[in-house]
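Read the structure below first, then the notes.
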Amino acid sequence: MTHNISPPSYIGLSLLMMGTLIAAEPLWAVPMINDPKGFQNIAWGTSLTARHDLEAVQPGTHVTEYRPKTDPSMFAGVEVTSMLYVSVDDQFARVTIRYHGEQIHKQVLSFLESQFGSLQRVPGQMARGLNQQYTWRGSDTEINVTYQSGTERGYIFIDSRTLAPRFNDYITDSAE
């Protein structure tokens, strides 16, 4: 006995499967151990306006970027190209770190693994290739690392899981 499924059934089934995949958390995120609940002893949600070690470089109505007053910026025991602290509605929500070089990339990954959990044997984690991506997810913090081996540029986003989604509220319709 054969069953004929009409094309609309295929479409409905495909939409249901895509919706389920979109709603699910990615399988390649490493569960974070030792969630820092902030960055370098600054808790998520803290106001950055009165900090004497940071200066505003991109003030905005809702989103403000700060950088450390001291140069060079350091992370994981290495000098990085730049480090930005970002607040949304005067609440600390994200750190963006940029770095350059394969050796620095290896040191950054080693540091992150020692602090937040090993990347070993995680399905979907990309360890080699032109673009490498790694994610650690804790209860309050998410860390995303992207490394472009062709240009040897690395990017780290350390986000508050509750505050960072609010950045989307302030992306203008003209940003394309």
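The values are calculated or read from the model by the stated rules, or taken from the named source; none is laboratory data. The shown structure was predicted, so the numbers you read here are calculated from the model rather than taken from an experiment. Cβ atoms come from the backbone with ideal geometry, glycine included; neighbour counts cover every protein chain shown.
List of remarks:
- Hey, Arg94 among the charged types (D, E, K, R), at pLDDT 90 or above, closer than 26 Å to Leu54 by Cβ and touching a Gly at 6+ places or on another chain (Cβ under 8 Å) or not: no
- Options Thr141, Thr162; residue that is surrounded by 19 or more Cβ atoms within 10 Å (Cβ to Cβ), modelled with pLDDT of 95 or more, in contact with an Asp or Glu (Cβ under 8 Å, 6 or more places away or on another chain) and not hydrophobic (A, V, I, L, M, F, W, C): Thr141
- Subset of region 64-80 that is under 19 Å from Arg153 (Cα atoms) and without any contact (Cβ under 8 Å) to a residue 60 or more places away in the chain - its residue that is farthest from the chain's Cα centre (by Cα): Pro72
- Residue within region 105-125 that is touching a Leu at 6+ places or on another chain (Cβ under 8 Å), farther than 18 Å from Gln40 by Cβ, modelled with pLDDT of 90 or more and among the hydrophobic types (A, V, I, L, M, F, W, C) present: yes
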